[in-house]
Amino acid sequence: MRNDTGALWENFIIAEKVKKNFYSENYANLYFWRTHQQQEIDLIEEKNGIIKGYEIKYNKEKFKIPKPFTNAYPEAKVELINKINFWDEFLRE
C-alpha cells in the first residue's frame, strides 16, 4: 500500500547483507553501480578481485543485467534478491 516499498526493501536487504558480512567476518567491499543513463545494480560485493552483484526487487522474479555492466565486468555474477528467495541468501554459509 506504500509507494516506497521498493526503496524500503532495498534498504532492508542491504542492511542485512552488511550485518551478515560483519558477523561472518566476510570483509568484502560493498558498492552500488549506476550509469549516467540511470541503469544500475543495487549492490556490488567485491572481495579478492571477485565481483558479485545483487539486484534487489520486492515483487519481481526476473531482471535484466545492464549491458554496460556486463561489458565492464564480464566475469561478474549478478543475482536477484526478492521477497521469495531472500532467506536463501541470508541462511547460506
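For region 54-63, does any single residue satisfy the condition of being in contact with a strand residue (DSSP E or B) (Cβ under 6 Å, 6 or more places away or on another chain), surrounded by 13 or more Cβ atoms within 10 Å (Cβ to Cβ) and more than 23 Å from Thr5 (Cα to Cα)? Looking through region 54-63, none of the residues is in contact with a strand residue (DSSP E or B) (Cβ under 6 Å, 6 or more places away or on another chain), surrounded by 13 or more Cβ atoms within 10 Å (Cβ to Cβ) and more than 23 Å from Thr5 (Cα to Cα). Quick one: in region 67-93, which of the residues that are over 23 Å from Ser24 (Cβ atoms) and in contact with a strand residue (DSSP E or B) (Cβ under 7 Å, 6 or more places away or on another chain) is surrounded by the most Cβ atoms within 10 Å (Cβ to Cβ)? The residue in question is Phe69.
Each reported figure results from applying straightforward, stated rules to the coordinates on display, with no laboratory input. Nothing here was measured: the structure is a model prediction, and the numbers come from that model. Here the Cβ is made from the backbone with ideal geometry for all residues, glycine too, and neighbour counts use every protein chain on show.
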